[in-house]
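Read the structure below first, then the notes.
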Amino acid sequence: MTISSDSLRGQRRSNAGAELFGWQQVESPLLLAMTVTTMAILVLFGGAPNVPGWRISLISLFSAALIVTALTSGSWAEFAKLGRLQKILLLCFLFLPLIQIIPLPPAIWHSLPGRETEYAIFALVGAENQWHSLSLDPTETLFVWTMLLPAAAVFLAILKLSSEEIRFISLSIMALALLSILIGLLQFSSNGDTFNFYDSAHKRFLLGFFANRNHQGLFIASALAFSINMIFRASSNKTLSLTLCGITTFFCIGAAIATTSRAGLSLTILAAIFSVLLNIWNGKKRWHIIVALAIICILFVSAFQSIGNVFENVVDRYSSVDDDSRWDVWSQSAEIILNYFPWGSGLGTFVPIYQKFEPLEMVMPTYINHVHNDYYELILETGLGGIAILALFATTLLQAFTRSPITQISGIKAASFVVILLILLHSVVDYPLRTQSMAGIFAFCLAVIFRPRKVPG
């Protein structure tokens, strides 16, 4: 029996497609389906800061189902294989909010710094000698704890899924990002009249499934990192791969510009540079590739200058950094941190605490919902506990990065390192992890990096 060359080529293409898209081996179909569905729910309905409502109820329902599915599929056994510091870090994330809502004896509570106003209020109603929690709003802190569960569900699921299944989820994230960009283009072209999901103040820009243009910009940058990984996996020809990466990057930078987000545009460019370098770096001094990337960036800027006012608006926003209200919020938040240090005011309490200390000359019709610096806000609300978590996280991430030489970090793991870095950088000027969309992607990447089983490209 003879087989034609056309049949062989067709079979090879089919096998390559199956390997690339993760169809070759599905070990846990139910867990995979639940994870993909939950990730889709997080992106579609979790693009705004966490506020009680039907969106959060829907996210919580699917997250609870994913946790049950993951645990019954054996995820806890995979969790037990993690390193000691990794397990301590993850458990601290989950238990810190619960510790903050434990009622404390009056003698201990009275000694906590920053409680003078609350003590006076309790004294007026005769409750000064009752037990009170460390958190000044235990209900809000408990709500914050429930908002950690979707990310925990994604993390547990990824620990159990196979490499092929993880690759499929990364492709799902890319597909959701593409859909978000396409919807965003309709929003942008209609001046916000179409697909106005959140009635956001940014609705005139390319928002996609997000309420904030900065978070949509970060989502685009994250999807670009996964896309570049897929391109290098699909082709062994580096010239072809770089060409496709250039086209994809051009598209993503155009979308980032339409968000008019300074952070989004900067992070998208960084995502392209870091992702390409991690996929082609082999320990040699390939300066011609670095020069080529620099020239491509210059060409991108030159090309987008021709699209008119949109690009100019983004550039103008870079020049107005000194006028950004974030500086005033950060300065005021630093004083609040000192007032409640070393135990913090409790997770989720920033809004009323900031209003308590906000100078009258800074009061506006709108209110400040976050510090716009997740590190500041974490320390303000948790004190030494937040500092310990940040130190543990930095240690475990550095440990995971140094476990293998940089020349051996590639594929989805390389993309995950890039996405984690982008989120950490963005957290300096914003609050991406306060949205369920980016928290889910963060958990996905962290699980890929931490999981004991090897994840190939």
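Computed from point charges on the beta carbon alone (+1 for Lys and Arg, -1 for Asp and Glu), the dipole magnitude for the stretch 105-225 about its Cα centre is near 460 Debye. Solvent-accessible surface of the stretch 149-217, taken per residue with a 1.4 Å probe and all protein chains present: 33 Å².
Mind checking the per residue accessible area of the stretch 96-142 for me, 1.4 Å probe, whole number of Å²? Here the per-residue accessible area is 57 Å². Rounded to the nearest 0.05, the FRET efficiency derived from the C-beta distance between GLU116 and ASN196 at R0 = 51 Å is 0.70. Separation of the stretch 435-452 from the stretch 183-230 is 21 Å, based on Cα centroids. Between GLU128 and CYS92, the modelled label-to-label distance comes to 3.6 nm, taking each label 7 Å out from Cα in the direction of the beta carbon. Using the average count of surrounding beta-carbon atoms within 10 Å as a protection proxy, the listed peptides 136-147, 152-163 rank, highest first, as 152-163, 136-147.
The 3J(HN,Hα) values that the Karplus relation (6.51, -1.76, 1.60; θ = phi - 60°) gives for the stretch 43-51 are, in residue order, 6, 5, 10, x, x, 10, x, 5, 9 Hz. Gly and Pro appear as x.
With a simple spin-label model that places each label point 7 Å from the Cα along the Cα-to-Cβ direction, the separation between SER236 and PHE251 comes to 2.6 nm. 3J(HN,Hα) along the stretch 134-142, derived from phi through the Karplus expression 6.51 cos²θ - 1.76 cosθ + 1.60 where θ = phi - 60°, amounts to 4, 5, 6, 9, x, 5, 5, 5, 5 Hz, with x in place of Gly and Pro. In this structure, the amide hydrogen of SER133, modeled 1.01 Å from its nitrogen in the peptide plane, lies closer than 5 angstrom to those of LEU104, counting only residues at least 5 positions away or on a different chain. The stretch between LEU186 and ALA388, if pulled fully straight at 0.36 nm per residue, gains 68.3 nm over its current Cα-Cα span. Using the beta-carbon distance between LEU277 and LEU30 and R0 = 35 Å, what value does 1/(1 + (r/R0)^6) give for FRET efficiency, to the nearest 0.05? Once the sixth-power term is evaluated, E becomes 0.40. Applying 0.36 nm per residue to the separation of TRP327 and LYS81 and subtracting their alpha-carbon distance, the gain on full extension is 84.2 nm. Couplings 3J(HN,Hα) for the stretch 220-235, derived from phi with the Karplus relation 6.51 cos²θ - 1.76 cosθ + 1.60 (θ = phi - 60°), are 4, 4, 5, 5, 5, 4, 5, 5, 5, 4, 5, 4, 5, 6, 6, 9 Hz, where x marks Gly and Pro.
Taking only protein heavy atoms and a 1.4 Å probe, the accessible area of the stretch 61-189 is 74% carbon and sulfur. Working from label points 7 Å from Cα in the Cα-to-Cβ sense, the THR139 to ARG403 distance is 4.3 nm. Three semi-axes describe the equivalent ellipsoid of the stretch 82-138; taken as square roots of 5 times the Cα gyration tensor eigenvalues and ordered largest first, they are 31, 9, 9 Å.
The values are calculated or read from the model by the stated rules, or taken from the named source; none is laboratory data. Note that the coordinates shown come from a computational prediction; the quantities given were computed from them, not determined experimentally. Heads up, the Cβs are rebuilt from the backbone with ideal geometry, glycines too, and the neighbour counts pull from every protein chain shown. Side chains included, ligands, DNA and RNA excluded: accessible areas come from the protein's heavy atoms. Shrake-Rupley method; radii C 1.70, N 1.55, O 1.52, S 1.80 Å.
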